[in-house]
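**Q** There's a structure below that I have some questions on.
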Amino acid sequence: MSRKYKIKDQERPYFLTFTVINWIDAFIRNEYRNIFIDSVKFCQQNKGLEVYAHCIMTSHVHMIIGSNGQNPLKGIIRDLKSFTSRSIRKVLENGMELNESRKEWMLWMMQRAGKQNINNNDYQFWQQDNQPIELYSDVFIKQKLNYLHNNPVEAGFVKSPELWQYSSCADYYETDKGPIELLYLE
């Protein structure tokens with residue numbers, strides 16, 4: 001991995017993207033979105049995760065996050081991704097109440113990706129790299145915040161960024177409050 005994409009300064013916020021393997025549209029289902037949100041909340045309450053912004057798209061999640069110093073950010077990210085991956089796999093394997101037509105295919109894709117990755121034992125939900133980008137200036141922070149919040153508009157899901165309910169944009173516009181507690185950048 002390039003030195004450009006390493007978490008060096010634990011006191012700075014970072015822009016990251018968590019991408020589902022093969023860009024599978026997993027987050028079209030509330031069950032999977034809720035697993036991710038609950039995992040973020042757990043990391044906020046128990047591991048020192050600081051969330052400044054987020055946008056949950058169908059196949060990936062953009063976030064601006066940091067650590068309060070309780071745990072290194074790299075470890076928090078590892079735990080967040082690991083828990084989410086295991087939980088979604090468990091729902092796919094055991095979730096009889098979930099009407100998931102892609103169940104076998106998703107499990108097959110996760111198993112295939114896991115076997116191809118020497119860092120995994122069996123299954124993989126997330127792509128390996130998050131490409132953390134340190135936000136070192138106010139201009140750069142604003143640029144990444146705008147990119148993150150405008151992602152659903154660029155994808156054609158909504159006409160205005162604050163209308164995307166799986167984003168922190170409405171929190172910043174003060175028109176609504178999302179499920180994830182935020183620390184504000186502006």
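The values are calculated or read from the model by the stated rules, or taken from the named source; none is laboratory data. Keep in mind that this is a model prediction, so the values were computed, not measured. Positions of Cβ are backbone-derived with ideal geometry, glycine not excepted, and every protein chain shown enters the neighbour counts.
**Q** Restricting to segment 31-55, name every residue that is part of a helix (DSSP H, G or I) and either under 13 Å from the mean Cα position of the chain (by Cα) or at positive phi (or both).
**A** TYR32, ARG33, ASN34, ILE35, PHE36, ILE37, ASP38, SER39, VAL40, LYS41, CYS43
**Q** Tell me the residue from LEU183, LEU135 that is under 26 Å from SER82 (Cα atoms), surrounded by 15 or more Cβ atoms within 10 Å (Cβ to Cβ), among the hydrophobic types (A, V, I, L, M, F, W, C) and under 18 Å from the mean Cα position of the chain (by Cα), please.
**A** Selected residue: LEU135, the only one of LEU183, LEU135 that is under 26 Å from SER82 (Cα atoms), surrounded by 15 or more Cβ atoms within 10 Å (Cβ to Cβ), among the hydrophobic types (A, V, I, L, M, F, W, C) and under 18 Å from the mean Cα position of the chain (by Cα).
Matching residues to (1) of a type outside the set (Lys, Arg); (2) more than 30 Å from TYR184 (Cβ to Cβ); (3) touching a strand residue (DSSP E or B) at 6+ places or on another chain (Cβ under 9 Å):
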residue: ASN94; (1), (2), (3): yes, yes, no
residue: GLN128; (1), (2), (3): yes, yes, no
residue: PRO132; (1), (2), (3): yes, no, yes
residue: ASP138; (1), (2), (3): yes, no, no
residue: TRP164; (1), (2), (3): yes, no, yes
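**Q** Report those helices (runs of 4 or more DSSP H) wholly inside segment 79-186 carrying at least 2 residues which are small (Gly, Ala, Ser) and at pLDDT 90 or above.
**A** 103-116
**Q** Still on this model: Looking at this structure, is ARG12 farther than 30 Å from ASP138 by Cβ, basic (Lys, Arg) and either surrounded by 14 or more Cβ atoms within 10 Å (Cβ to Cβ) or touching a helix residue (DSSP H, G or I) at 6+ places or on another chain (Cβ under 9 Å) (or both)?
**A** For ARG12, the condition - farther than 30 Å from ASP138 by Cβ, basic (Lys, Arg) and either surrounded by 14 or more Cβ atoms within 10 Å (Cβ to Cβ) or touching a helix residue (DSSP H, G or I) at 6+ places or on another chain (Cβ under 9 Å) (or both) - is not met.
**Q** Right, ARG29: modelled with pLDDT under 95, surrounded by fewer than 21 Cβ atoms within 10 Å (Cβ to Cβ) and closer than 22 Å to VAL158 by Cα or not? Full working, then the answer.
**A** Numbers: modelled with pLDDT under 95: yes; surrounded by fewer than 21 Cβ atoms within 10 Å (Cβ to Cβ): yes; closer than 22 Å to VAL158 by Cα: yes.
In short, yes.
**Q** Please name all residue pairs, on different chains or six or more residues apart, with Cβ atoms under 6 Å, provided the first residue is in segment 169-180 and is within 19 Å of VAL40 (Cα to Cα) and the second residue is in a loop (DSSP other than H, G, I, E, B) and polar (S, T, N, Q).
**A** Filtered contacts from segment 169-180: GLY178/SER168.
**Q** Is it the case, given these coordinates, that THR17 is assigned to a loop (DSSP other than H, G, I, E, B) and either modelled with pLDDT of 95 or more or within 20 Å of ASN121 (Cβ to Cβ) (or both)?
**A** no
**Q** So, one more: In segment 154-169, is there at least one residue being within 17 Å of the chain's Cα centre (by Cα), polar (S, T, N, Q) and over 18 Å from LEU49 (Cβ atoms)?
**A** yes
Residues checked against (1) among the aromatic types (Phe, Trp, Tyr); (2) in contact with a Phe, Trp or Tyr (Cβ under 8 Å, 6 or more places away or on another chain); (3) loosely packed, with under 13 Cβ neighbours inside 10 Å:
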| position | (1), (2), (3) |
| --- | --- |
| SER101 | no, no, yes |
| ASN119 | no, no, yes |
| LYS144 | no, yes, no |
| PHE157 | yes, yes, no |
| TYR172 | yes, yes, no |
